[in-house]
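Have a look at the structure below before the remarks.
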Amino acid sequence: MPHASMLRQITDFANRANPYPIYEELRRTPVLHEEDGPYVISSYYDIEALLHDPRISSDAANVTAAGGDELSGPEATGLPPSFIRLDPPEHDRLRRIANSSFGPPHRPRRIDDMRGDMRETVSGLIDGFGDARQIDLVDQFAYPFPVTMICRLLGVPREDEPSFRAWVDPIVAGLDPDTRTSADSERTAQEARLQLGLCLNGLVEQRAREPRDDMLSDLVDSRGPEGAMTTMEVLSTAVLLLIAGHETTVNLITNGMLTLLRHPEVLQRLRDEPGLSVRIVEELLRYEPPVQLLPQRTCIADIEVRGVTIPKGSPIWLVLAAGNRDPERFKDPERFDPDRQDIQHLGFGSGIHSCFGAPLARLEAQTALSELARRLENPRLVEDPPPYRQNAVLRGPRNLNVAFDGLR
């Protein structure tokens, strides 16, 4: 396989269903640099070190200055960049404020207290399959579930949830490199971003007048040592949570069910032992991570990796999914094994930009997979591999048709 084509193979849609042989090939050149392209890093220890290296910038301005790349991140809203696209100290200020309304120490039970609501939502969606003996797990379950939960967390009124889903869909579709070139899809996404922003702005103004027990109220009323978020920063954080948080969880649940249906013995174990969902989800985050690579990184100083000097200003891609199957780090990495004792995966990244929504995503995936395993009688794949989304960064099936004999 000639190195000159490696980058194209990573992004080539023909390889979306199974990119792992390409990642295996990629690891043979741990620092890959093709003409005028980014530096591509694929080994576990190098990725982990760079995620903790302050000489690697996530600031959107530095990415643009370095010439950008063909892969987009989960944002493009006309708002100021959210904290995932900023460096310290600004990143730290905004993330600290956001975190204070999301979990410990200020709101230690916020996510845990959602367990009952999650179970109820999951049960309602599964009940909604009715007498059907075949469903599309993406459209009928994996997509509506996390959108519903993130709306509840933020405090979006239930009657507005369908509108939010209608806006989020074209925005997310606009993240696919192949659809971003379409003028129609860009117009639709732009209109959706505008409507989403207006609606959120209305809710922010409302919460400023009448605070409630929800995350949007906390963000509006944030009073940290560094001061409060501006209205635009609140909107930017809310959009980040809505879009980035939801899209990755859809893929985690869908990839999870696909993997379990390919490993029926593990699915049966989960049915018998719902607590196994915790270990299953961690192994899934290693084995089939919903975020495959991080393309928006730039060197702000010369960095040496494995004897290769990456010059200041160079764009870097960190291929998390390749690192997660690195045999230097994991024994028998191509095997899906929920009994694996050491799963220090890169599924949520690492360092200061490790996934903000990880506690929520974990609990959603655990609840979803254990209930699907418990309630679906004899579930099986209708087609394997299923059709995939275009996006090489946020990789997951576009549809997952599952047949079953009935509901327990």
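Here, each number is a calculation from the coordinates, and none is a lab measurement. These numbers were taken from a predicted model, which means no experiment stands behind them. Positions of Cβ are backbone-derived with ideal geometry, glycine not excepted, and every protein chain shown enters the neighbour counts.
Summary of computed values
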read-out	value
Cα gyration tensor shape for the range 230-292, rounded if a/c is under 1.5, else prolate or oblate	prolate
Three-way shape label, the range 180-317, alpha-carbon gyration tensor, a/c 1.5	oblate
The chain - percent relative contact order, Cα under 8 Å, separation 6 or more	27
Span-rule helices in the chain, defined as complete DSSP H runs reaching 30 Å or more along the axis (Cα) with Kyte mean at least -1.0	183-209, 231-262
Gyration tensor (alpha-carbon) shape descriptor, the range 1-43, a/c threshold 1.5	oblate
Net dipole in debye of the chain [+1 Lys, Arg Cβ; -1 Asp, Glu Cβ; about Cα centre; nearest 20]	540
Highest to lowest packing among 270-280, 203-213, scored as the average C-beta count within 10 Å	270-280, 203-213
Ellipticity estimate at 222 nm from DSSP helix runs (n ≥ 4, -39,500 (n - 2.57)) divided over the chain, nearest 500	-14000 deg cm²/dmol
Cα centre as origin, Lys/Arg/Asp/Glu Cβ charges: the range 78-177 dipole, Debye	520
Dipole-positive endmost among Leu381, Leu216, Ala14 within the chain (Cβ charges, Cα centre)	Leu216
Burial order of peptide ranges 188-195, 336-343 (average beta-carbon count within 10 Å, highest first)	188-195, 336-343
